Amino acid sequence: MSDKRIEVTIDGMKFYVRGNDNEDYVKNLAQNLDEKIKSTYNSNYRLNQVQSIILCALNILDDFEKLKADKIDIDSMEVDEKSMVEKIEEIQKLNKRIEELEKDNKNSFSKYSDLKLKEKEIDEKLKKANQSNVDKTKEIATLKEDINKYREQIKELDEKHNNAQRRIIDLSRELESLYDEK
């Protein structure tokens with residue numbers, strides 16, 4: 001596109017602007033500038049034309065710098081917004097993980113409760129078995145005592161039996177000797 005020459009009037013002075021921009025856009029810019037210069041001049045009537053233009057340029061630069069700062073703030077907000085979105089997504093993931101862990105915890109607690117019941121049942125069986133063992137141990141001790149008594153009785157009976165046989169032998173000898181004497 002070729003450079004165009006556009007005529008504009010600013011603060012009563014004619015200027016020719018060259019460029020590729022749209023003519024209406026350039027004329028609008030010139031009109032806005034003209035209005036700002038007149039507004040500055042009207043609010044400060046002691047200023048001459050050059051002072052009004054310089055003060056207007058200063059005001060325009062001030063507005064421009066404020067807009068740049070606002071844009072930086074907006075860009076920063078966009079970065080913060082992205083960071084916030086990432087944090088929200090992370091929080092959502094963490095909440096899902098918490099729900100999963102709570103579910104696992106509930107299942108684990110249920111299993112724990114079942115195991116506790118089984119442990120209680122086994123403890124009861126063990127107590128019964130231990131009591132049974134204690135009873136059987138007592139019974140075995142009693143039986144051992146009885147066996148020892150019977151062994152003593154057998155010993156006594158063996159001794160009596162031996163004495164009785166000796167006596168029978170002695171008596172048989174006496175009988176023989178009495179038969180022999182007759």
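Using 7 Å Cα-to-Cβ label points, what is the Lys4/Asn162 separation (nm, one decimal)?
Simple spin-label model gives 14.9 nm for this pair.
Looking at the chain as a GNM with Cα springs under 10 Å, which of Lys14, Lys36, Lys87 has the largest mean-square fluctuation?
Lys14
Once amide H atoms are built 1.01 Å from N in the peptide plane, which residues 5 or more positions from Lys4, or in another chain, come under 5 Å H to H?
Amide H neighbours of Lys4: Gly19, Asn20.
Name the shape class, rounded, prolate or oblate, that the alpha-carbon gyration tensor gives for region 1-73, where a ≥ b ≥ c are the square roots of its eigenvalues, rounded holds for a/c under 1.5, and otherwise prolate holds if a/b is larger than b/c and oblate otherwise. Walk me through the numbers before you get to the answer.
Working: a/c = 2.84, a/b = 1.19, b/c = 2.39.
Note, shape of region 1-73 comes out oblate.
Just to be sure I understand the model, the point goes 7 Å from the Cα along the line to the Cβ. What's the resulting Leu171 to Arg46 distance in nm?
Label-label distance for Leu171 and Arg46, simple model: 16.8 nm.
Calculated from DSSP H runs of 4 or more alone, at -39500 (n - 2.57) each and per residue, what is the 222 nm mean residue ellipticity of the chain, nearest 500?
Result for the chain, helices only: -32500 deg cm²/dmol.
Of [x] 1.04; [y] 3.89; [z] 1.12, which is the value of Cα Rg over 2.2 N^0.38 Å derived from the coordinates here?
[y]
Expressed as a rounded percentage, what relative contact order does region 5-135 have, with Cα pairs under 8 Å and six or more residues apart?
11 percent
Suppose the chain between Tyr112 and Lys87 were pulled fully straight at 0.36 nm per residue; how much longer would it get relative to their current alpha carbon spacing?
5.4 nm
Under 27 Å between alpha carbons, and skipping anything fewer than 8 positions from Lys71 in its own chain: which lysines qualify?
Correct list for Lys71: Lys27, Lys36, Lys82, Lys87.
List the lysines whose Cα sits under 18 Å from the Cα of Lys111, skipping any in the same chain fewer than 8 residues away.
Lys103, Lys120
Please find, in a Gaussian network model of the chain (springs between Cα atoms separated by less than 10 Å), the residue of Asn107, Asn44, Asn95 whose mean-square fluctuation is greatest.
Asn44
Since every read-out is calculated from the coordinates, none of them should be taken as a lab result. A quick note: this is a predicted structure, and the numbers were derived from the prediction, not measured. No Cβ is skipped: glycine too gets one built from the backbone with ideal geometry, and neighbour counts run over all protein chains shown.
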